[in-house]
Amino acid sequence: MTDKIVGVAALFGSVPEDIADEFKQIPVLAEGYVGKEVTIGATPDLVVGRGGLFEDADWGVGTVSSLNDMGIKTYVQSTSVPDASLDSLYQDITELGEIFNVQANAAAYIETLKARENALSARASAETINYASFSDNGDGTIGIYNGNGDTFIESAMSLINMHNMLINETGTLSLEKLIEINPDAMIISRYAGGIDPEQTIEKLLANKQVQNINAVKNKKIYIIDFNNFWGYGDSIFTGVEGLADDLGL
């Protein structure tokens, strides 16, 4: 497979140990997001990525139509578009297996992932754990994240009976909204180059305004790996498994 990949980019997460040696053989086009010119310069037949990377942005690879017009085919991950679910992940694996003519391997891997899915479901909380996500705005204030585009994440979280209380909310959310919904748990992500989430948690716990929120009172605040949850791939299972461990499920 590595001989068919002319380059990768956006290396924000760690590489799984079982493929680390093979991954080293693949040229790195950019440590961060790769632009259109570099992408085209690698002369690919096919560009694969999440939907947002095919927008006309400084960090994008170019639109689907612009790449197609140059004879470059595109594959937008089903997990990265609205209404995505775990079934979208299996669809991606199936279709990529067909593209690279490794259908048997793809089918076998799906079965492996479905076994992990079933194992997570068996660990599910007896009662729904309603949660909200937060971050550090970088100016001394706490930001609240609605996650209304993260349907793939909601699907995965539902395996352990967790529900994002803000998934249908739009616009900028305030601490007052967080107090109003009173989540059982709160989640913050860790990512390379970001503000240390431990510091943000300390800031939240010290904020007198939120002391009556159940998640704060009971210190049910958890750190997740950004790349596991927003990688739009199979690492979502690693992320949810780790969270289940933290929750004691």
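Taking the stated definitions as given, is Asp139 open to solvent by 60 Å² or more (accessible area, probe 1.4 Å) and at positive phi? Walk me through it before giving the result.
Details: open to solvent by 60 Å² or more (accessible area, probe 1.4 Å): yes; at positive phi: no.
No; evaluated as a whole, the condition is false for this residue.
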Note on the stretch 130-164: residues modelled with pLDDT of 95 or more, in contact with an Asp or Glu (Cβ under 7 Å, 6 or more places away or on another chain) and within 15 Å of Asp83 (Cα to Cα) are Asn164
So which strands (runs of 3 or more DSSP E) stay within the stretch 146-249 end to end and still have 3 or more residues that are buried (at least 21 other Cβ atoms within 10 Å of the Cβ) and among the hydrophobic types (A, V, I, L, M, F, W, C)? 185-190
Could you grab me the full set of residues in the stretch 14-42 that are within 21 Å of Tyr191 (Cβ to Cβ) and of a type in the set (Ser, Thr, Tyr)? Ser14, Tyr33
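Answer yes or no as to whether Thr79 is open to solvent by 50 Å² or more (accessible area, probe 1.4 Å) and either in contact with a Ser or Thr (Cβ under 7 Å, 6 or more places away or on another chain) or within 23 Å of Glu117 (Cα to Cα) (or both).
On the way: open to solvent by 50 Å² or more (accessible area, probe 1.4 Å): no; either in contact with a Ser or Thr (Cβ under 7 Å, 6 or more places away or on another chain) or within 23 Å of Glu117 (Cα to Cα) (or both): yes.
No.
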Which of the residues spanning the stretch 11-30 are modelled with pLDDT of 85 or more and assigned to a loop (DSSP other than H, G, I, E, B)? Lys24, Gln25, Ile26, Pro27
Check Leu120, Leu67, Leu46, Leu113 and return the single one that is of a type in the set (A, V, I, L, M, F, W, C) and free of Cβ contacts under 8 Å to residues at least 40 places away in the same chain. Leu67
Return the pair list, or none, for Cβ contacts closer than 7 Å from residues in the stretch 180-195 that are among the charged types (D, E, K, R) to residues that are at pLDDT below 95, at least 6 apart or on different chains. Arg190/Pro197; Arg190/Asp225; Arg190/Phe226
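Any chance the stretch 63-84 includes a residue that's assigned to a helix (DSSP H, G or I), more than 30 Å from Asn168 (Cα to Cα) and not polar (S, T, N, Q)? Spell out how you get there, then give the answer.
Keep residues of the stretch 63-84 that are assigned to a helix (DSSP H, G or I), which gives 64-69, 78-80.
Narrowing the set further to residues that are more than 30 Å from Asn168 (Cα to Cα) leaves 65-69.
Remaining after also requiring not polar (S, T, N, Q): 67, 69.
Yes: one or more hits.
From the list Glu127, Glu95, Glu117, Glu111, exactly one residue is modelled with pLDDT of 95 or more and in contact with a strand residue (DSSP E or B) (Cβ under 9 Å, 6 or more places away or on another chain). Which is it? Before the answer, list the steps.
Details: Glu127 fails: in contact with a strand residue (DSSP E or B) (Cβ under 9 Å, 6 or more places away or on another chain); Glu117 fails: in contact with a strand residue (DSSP E or B) (Cβ under 9 Å, 6 or more places away or on another chain); Glu111 fails: in contact with a strand residue (DSSP E or B) (Cβ under 9 Å, 6 or more places away or on another chain).
None of the others qualify; the one that does is Glu95.
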Can you tell me which residues in the stretch 17-59 are more than 20 Å from the chain's Cα centre (by Cα), within 27 Å of Gly149 (Cβ to Cβ), among the β-branched types (Val, Ile, Thr) and open to solvent by 30 Å² or more (accessible area, probe 1.4 Å)? Val38
For a quick check of your reading of the model, give me the residue pairs whose first member lies in the stretch 13-28 and is of a type in the set (S, T, N, Q), whose second is surrounded by fewer than 10 Cβ atoms within 10 Å (Cβ to Cβ), with beta-carbon atoms closer than 9 Å and at least 6 apart or on different chains. Gln25/Asp3
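The values are calculated or read from the model by the stated rules, or taken from the named source; none is laboratory data. Small disclaimer: the values here were computed from a predicted structure and weren't measured. For neighbour counting, all protein chains shown are included, and Cβ atoms are generated from backbone atoms with ideal geometry for every residue, glycine included. All accessible areas refer to the heavy atoms of the entire protein, side chains included, with ligands and DNA or RNA removed. Shrake-Rupley method; radii C 1.70, N 1.55, O 1.52, S 1.80 Å.
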